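Throughout, read-outs are computed from the coordinates displayed, never taken from laboratory work. All values derive from a computational prediction rather than experimental measurement. Here the Cβ positions follow ideal geometry from the backbone for every residue, glycine too, while neighbour counts run over all protein chains shown.
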Amino acid sequence: MTKVFEEGTLSRHVGATNMNEHSSRSHTVFTIIVESSQTDNEGETHVKVGKLNIVDLAGSERQGKTGATGDRLKEASKINLSLSTLCHVISSLTDPKCTYIPYRDSRLTRIL
């Protein structure tokens, strides 16, 4: 598990901006699934499954302060859009009157 986590960390996109020399340019989602099984006295096997998502989100950025241009500006726009979509999903989940949850509006919310 540690090896996979380290490989993911090495694949993470970072780039320099005026605000942060090693600015994260991508979100990271590390999912751990644990399964355990137990056989009861009647010989039936019961399986329990747990899922843990460890999420490190790239930060929202004010493009004027970062001085982002070109590819950095495109990355920042996509980061901000996915974070905004995540906020919409959370708001929708907490609103009892809401009939639609926009999970499919970004790759991040689809994964989560």
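Just in region 25-89: which trypsin sites (Lys or Arg not before Pro) are loop by DSSP and have at most 15 other Cβ atoms within 10 Å?
Working: sites: 25, 48, 51, 62, 65, 72, 74, 78; in loops: 25, 62.
For trypsin sites (Lys or Arg not before Pro) across region 25-89 that sit outside H, G, I, E and B with at most 15 neighbouring Cβ atoms in 10 Å, the list reads 62.
Any idea what log10 I(q)/I(0) is at q = 0.21 Å⁻¹ for region 1-57, Debye with uniform C-alpha scatterers and no solvent?
For region 1-57, the Cα-only Debye profile gives -0.86.
Got the relative contact order for the chain handy, in percent, Cα pairs under 8 Å and 6 or more residues apart?
Numbers: 125 pairs, mean separation 21.9, N = 112.
Relative contact order, the chain: 20 percent.
For region 58-112, what value does the Rg/Rh ratio take when both radii are computed over Cα atoms and Rh is the Kirkwood radius, given to two decimals?
Radius of gyration relative to Kirkwood radius: 1.09.
Within region 7-112, list the chymotrypsin sites (Phe, Trp or Tyr not before Pro) lying in a DSSP loop whose Cβ has at most 15 other Cβ atoms in a 10 Å radius.
100
Modelled label-to-label distance, residue 1 and residue 60, 7 Å Cα→beta-carbon offset: nm?
Computed distance between label sites residue 1 and residue 60 equals 3.2 nm.
Along the charge dipole of the chain, pointing to its positive end and built from +1/-1 on Cβ of Lys, Arg, Asp and Glu, which listed residue (100, 80, 46) has its Cα farthest out?
Going by the charge dipole, the pick is 80.
Under unit Cβ charges (Lys, Arg +1; Asp, Glu -1), what dipole magnitude, rounded to 20 debye, does the chain have relative to its Cα centre? Let's see the in-between values first.
Details: 14 positive and 13 negative charges, 137 e Å.
Roughly 660 debye for the chain.
Quick one: which residues, 5+ away or cross-chain, put their amide H under 5 Å from the amide H of residue 20? H built at 1.01 Å from N.
Amide H to amide H, under 5 Å and 5 or more residues apart or across chains, residue 20 pairs with nothing.
Could you work out the equivalent-ellipsoid semi-axes for the chain, taking the square root of 5 times each eigenvalue of the Cα gyration tensor, largest first, in whole Å?
On the way: eigenvalues 262, 94, 14 Å².
After diagonalising the Cα gyration tensor, the semi-axes are 36, 22, 8 Å.
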